[in-house]
Amino acid sequence: MMQHLPILQVLLPLLASPFAALLRGRDVAWGLTFVTTGLAFLISIALFFQQRAIGETMIYELGNWAAPLGIVYVIDAASALVLPVISGIGFIATLAARQLVAAEIDARDHGLFYAAWLLTIAGMMGQVTTGDAFNIFVFLEISSLSAYALVAMGAGRDRRALPAAFNYLILGTVGATFYVIGLGLLYMLTGTLNLADLAERLPHVEETRAAFTAMAFIALGLFLKMALFPLHFWLVPAYAHAPSAVTALMASTATKVSVYVLIRLIFGVFGVEFPGLADAVGLLVLTLGIAGAFVGTLAAIVETDLKKLFAQSSIAQLGYMAIGIGAMSATGLAAAFLHLFNHALMKGALFLAIGMIAAQAGRATMGTIQGAGKQIPITMTAILFGGLALIGVPLTAGFISKLYLIRALLEQNFWLLAGLTFISSALALAYVWKIIEAAWLQPRPNGAPVLRETASQYIPAWIMVVATLGFGIYATPLVEAAFAAAHVFIPSVAGAN
Amino acid sequence: MQDDVVIRVVAKVMIPAVMLFALYVQFHGDYGPGGGFQAGVIFASAFVLNAVVFGLNKGRHVWPARYNLMGICGGVLIYGLTGVGGMVLGENFLNFNVLSSDPIAGQHLGILLVEFGVGLTVAAVMVMLFFTFAGRTAHLRLLSKSDAHERKISASKKRRK
């Protein structure tokens with residue numbers, strides 16, 4: 001049974017999905033989803049420790065067809081680190097989804113909702129696990145198509161979910177198409193789709209214009225998918241108008257998986273040595289990353305809708321991950337992995353807490369939470385801690401990732417960039433302070449609806465908050481895992497970390 | 001269109017033939033061109049033809065809406081569980097060699113089942129797409145209402161003349 005773990009974590013949600021679609025009755029589909037995502041979470045944790053114990057790449061051959069002819073699932077230090085993030089967030093979000101979905105989705109649609117929910121989780125797990133470039137595309141489409149449906153399901157409460165889902169559909173499809181065009185060029189050049197095999201054969205054709213074009217298409221397609229500035233316009237409305245549970249799931253995972261796939265393709269297939277990669281992609285990613293960090297943060301400061309505010313802040317945080325990638329060093333990649341992991345936790349906490357408010361009040365704006373610090377102190381404290389982690393205050397996970405990001409930049413003597421990163425992080429204080437001021441320093445207006453909180457409402461968000469603090473205080477194992485993940489792509493050099 | 005004798009008779013002859021051809025494409029897919037995807041589309045086209053010629057209501061009567069979800073999910077499950085079969089019998093997921101005592105027969109059986117799953121899902125999705133778009137009744141009712149309204153206006157105009 002143990003040797004089947006790499007496939008089981010993808011297969012379980014994938015096969016549970018049709019059952020969920022067929023099931024009727026209150027909470028039956030939710031129960032199935034809860035059990036499935038829980039099992040997937042346990043499996044990915046088991047895989048993480050198994051991979052660390054073995055210390056080398058684990059390969060699972062589908063149908064016992066060996067690579068490069070067959071499709072293989074690859075568990076290395078990088079995928080083993082990202083898998084628990086996705087399945088863990090999926091599990092906690094499912095825990096919270098019971099109440100959020102009951103409040104926001106028509107009861108007849110619950111089966112289909114959870115079917116799409118499971119499919120999007122299965123698709124993301126598949127993208128991370130698979131060692132085949134075309135398989136990545138298939139899983140990308142599985143997760144994206146079900147995500148479009150999930151966003152559109154917000155239409156019952158908020159009609160703006162429909163144009164948001166449509167924009168997301170069009171731009172997401174453009175991104176996926178670009179990716180597959182690049183892949184087609186690579187296949188034409190090398191005759192293989194297996195990632196490891198591609199990496200081996202590409203150096204023979206690396207001077208061709210087709211290879212460079214392929215890289216451009218793949219990078220651009222994934223930039224769209226990961227919502228890198230200025231290709232982020234689909235993200236804010238999609239997050240803001242989707243059902244709250246969907247926002248929590250997607251904000252923490254969907255773009256992160258694309259970041260992972262970008263790292264896997266750019267560093268794992270093309271490699272740092274690829275001609276033009278450091279100049280073209282590296283410089284581009286650095287510039288867009290820092291620009292995104294500023295644009296996202298500034299847009300978040302003027303935003304009053306809480307979901308939109310934190311969606312804008314996601315743009316900024318994705319910018320930091322991009323800066324980590326653009327540094328083109330092991331430390332930079334480790335910082336990207338760290339931030340991928342930590343940001344998933346913080347955004348999960350924030351969107352779960354905000355979702356609980358939105359599910360009660362219909363919307364979550366600055367007005368909704370005005371003076372709410374006394375009415376729902378536990379939920380608001382979760383938002384406070386999430387916000388502090390976003391700024392990168394010490395003792396939170398956000399501090400660790402920012403620390404390594406700035407270290408990576410200083411290693412390369414990017415003094416200006418390091419300074420800008422620091423300033424944009426500090427600017428995040430402005431929007432977090434805005435929330436603190438509204439929630440605690442202002443009185444609750446007369447006639448405002450009474451917000452309530454029960455244990456089942458704030459526990460999911462608090463699990464994430466505790467994890468954020470836990471990984472912020474005791475970060476050593478996570479940092480080690482992130483460096484192990486980075487060294488998959490950039491082998492460690494003596495002397496460097 | 002149900003008023004046209006030629007269309008009705010030809011459709012009645014064609015529908016079973018289309019379905020039979022779909023089954024041929026489905027099960028001959030192991031040896032020749034074809035397979036579940038094409039067969040599913042051809043099979044669904046028989047139902048689409050039926051609905052186009054004899055009307056949406058009769059079409060729905062032949063393929064009730066509750067079959068859609070069952071077909072879609074059932075096909076996926078057939079595919080997935082065939083793969084799990086290889087796992088239960090001690091090999092990796094999607095290994096069909098062990099499904100039968102002879103590896104070649106096992107592969108054959110595996111492909112047959114998987115393709116059947118694909119065909120079922122594709123056929124159900126196609127039929128569902130057709131009925132979803134054809135059956136947007138609120139939209140159609142609006143159209144026919146305004147048509148009726150216009151006819152009433154023109155009729156009253158004639159009367160006035």
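Just so you know, all these numbers are worked out from the coordinates, no wet-lab data involved. Computed from a predicted structure; not experimentally measured. Here the Cβ positions follow ideal geometry from the backbone for every residue, glycine too, while neighbour counts run over all protein chains shown.
Find how many whole Å separate the alpha carbon centroid of region A:49-85 from the alpha carbon centroid of region A:117-173.
So the two Cα centres are separated by 24 Å.
Per 10 Å bin from zero, what fraction in whole % of the C-alpha pairs of the protein assembly as shown is there, up to the bin with the longest pair?
All Cα pairs considered, the percentages come to 3, 15, 24, 24, 17, 10, 5, 2, 0, 0, 0.
Not counting the cut sites, what is the longest span of chain A without chymotrypsin sites (Phe, Trp or Tyr not before Pro) that DSSP labels loop and that have at most 16 other Cβ atoms within 10 Å?
Details: sites that count: A:65, A:233, A:474.
Counting at most 16 other Cβ atoms within 10 Å as exposed, the longest clean stretch of chain A is A:234-473.
According to the square roots a ≥ b ≥ c of the eigenvalues of the Cα gyration tensor, what is the shape class of region A:35-144, taking rounded for a/c under 1.5, prolate for a/b larger than b/c otherwise, and oblate for the remainder? All intermediate terms of the calculation are to be shown ahead of the outcome.
On the way: a/c = 3.07, a/b = 1.69, b/c = 1.82.
Because a/c hits 1.5 or more and a/b fails to exceed b/c, region A:35-144 counts as oblate.
Once label points are set 7 Å from the Cα along Cα→Cβ at both residue A:422 and residue B:67, what is their separation, rounded to one decimal in nm?
7.0
Can you check what the Kirkwood hydrodynamic radius comes to for region B:5-136, Cα pairs only, in Å to one decimal? Walk me through the intermediate numbers first.
Working: mean 1/r = 0.0633 Å⁻¹.
Value: 15.8 Å, from the Cα pair sum.
Around residue A:274, what is the net charge, scoring Lys/Arg as +1 and Asp/Glu as -1 over all other residues with Cβ under 15 Å from its Cβ?
Values: positive: A:201, A:209, A:264; negative: A:200, A:206, A:207, A:273, A:279.
Every neighbour counted, the sum reads -2.
What are the semi-axes of the equivalent ellipsoid for region A:92-221, taken as the square roots of 5 times the Cα gyration tensor eigenvalues, largest first, in whole Å?
Values: eigenvalues 272, 51, 15 Å².
Ellipsoid semi-axes (Å, largest first): 37, 16, 9.
Measure up A:308/A:347; A:374/A:402; A:307/A:347; A:308/A:374; A:307/A:402; A:307/A:434 against 20 Å on the Cα-Cα distance and list the ones that go over.
Working: A:308/A:347 12 Å; A:374/A:402 32 Å; A:307/A:347 11 Å; A:308/A:374 24 Å; A:307/A:402 23 Å; A:307/A:434 14 Å.
Violating the 20 Å Cα-Cα cut-off are A:374/A:402; A:308/A:374; A:307/A:402.
Check the straight Cα-Cα distances from residue B:58 and name the aspartates and glutamates below 18 Å, setting aside those fewer than 8 residues away within the same chain.
Leaving aside aspartates and glutamates fewer than 8 places away in the same chain, those within reach of residue B:58 are B:3, B:4.
If you take every residue apart from residue B:112 with its C-beta less than 15 Å away from the C-beta of residue B:112, what net charge results, scoring Lys and Arg +1 and Asp and Glu -1?
Values: positive: none; negative: B:30, B:102, B:115.
Value of the local net charge: -3.
Sort region A:283-497 into rounded, prolate or oblate with this rule: let a ≥ b ≥ c be the square roots of the eigenvalues of the Cα gyration tensor; rounded if a/c is under 1.5, and if a/c is not under 1.5, prolate when a/b is larger than b/c, oblate otherwise.
Details: a/c = 2.80, a/b = 1.87, b/c = 1.50.
Since a/c reaches 1.5 and a/b is larger than b/c, the shape of region A:283-497 is classed as prolate.
Which longest uninterrupted range of chain A lacks any GluC sites (Glu not before Pro) assigned by DSSP to a loop state (not H, G, I, E or B) and surrounded by at most 15 other Cβ atoms within 10 Å?
Details: sites that count: A:56, A:207, A:273.
That would be A:274-497.
Could you work out how much longer the chain between residue B:24 and residue B:5 gets when fully extended? Use 0.36 nm per residue separation minus the Cα distance between them, nm to one decimal. Write down the numbers at each step before the final one.
Details: separation 19, 0.36 × 19 = 6.84 nm, distance 2.90 nm.
That pair, residue B:24 and residue B:5, stretches by 3.9 nm at full extension.
So for the pair residue B:108, residue A:279, with labels modelled 7 Å out along Cα→Cβ, what separation do we get in nm?
Going by the 7 Å Cα→Cβ label model, 5.9 nm.
Fully extended, how many nm does the chain gain between residue A:213 and residue A:109 (0.36 nm per residue separation, minus their Cα-Cα distance)?
Values: separation 104, 0.36 × 104 = 37.44 nm, distance 4.36 nm.
Gain in length upon complete extension: 33.1 nm.
Between residue A:413 and residue A:2, what is the label-to-label distance in nm when each label sits 7 Å out along the Cα-to-Cβ direction?
Simple spin-label model gives 5.0 nm for this pair.
Ignoring everything except DSSP H segments at least 4 long, calculate the 222 nm mean residue ellipticity for the protein assembly as shown; use -39,500 (n - 2.57) per segment, divide by total residues, nearest 500.
Working: 25 runs with 489 residues, N = 658.
-25500 deg cm²/dmol, from helical runs alone.
Report the Stokes-Einstein translational diffusion coefficient (µm² s⁻¹, integer) for region A:307-360, Rh taken as the Kirkwood radius over Cα pairs, at 4 °C with viscosity 1.567 mPa s.
Working: Rh = 11.9 Å.
Stokes-Einstein gives a translational diffusion coefficient of 109 µm²/s.
Please list, in order, the residues from region A:462-480 whose amide nitrogen is less than 16 Å from a point placed 7 Å along the Cα→Cβ vector of residue A:49.
Counting backbone N atoms under 16 Å from the label point, the list is A:477-478.
Stretched out fully, how many nm does the piece from residue A:26 to residue A:454 gain, at 0.36 nm a residue minus the Cα gap? Before the final figure, lay out the partial values.
Numbers: separation 428, 0.36 × 428 = 154.08 nm, distance 2.07 nm.
My answer for the length gained is 152.0 nm.
Counting other C-beta atoms within 10 Å, which of B:4, A:132 has the fewest, and how do the rest follow? Walk me through the numbers before you get to the answer.
On the way: B:4 11, A:132 24.
The fewest-first ordering by Cβ neighbours comes to B:4, A:132.
Among A:145, A:34, A:369, whose Cα projects farthest towards the positive end of the dipole of the protein assembly as shown, with charges put on the beta-carbon of Lys, Arg (+1) and Asp, Glu (-1)?
Value: A:369.
Using alpha carbons only, how many angstrom separate the centre of region B:3-21 from the centre of region A:360-418?
The distance from the Cα centre of region B:3-21 to that of region A:360-418 comes to 66 Å.
So, with +1 on the Cβ of K and R and -1 on the Cβ of D and E, and no other charges, what is the size of the charge dipole of the protein assembly as shown about its Cα centre, to the nearest 20 debye? If you can, show how the numbers build up before the last one.
Details: 38 positive and 30 negative charges, 739 e Å.
In debye, rounded to 20, the protein assembly as shown gives about 3560.
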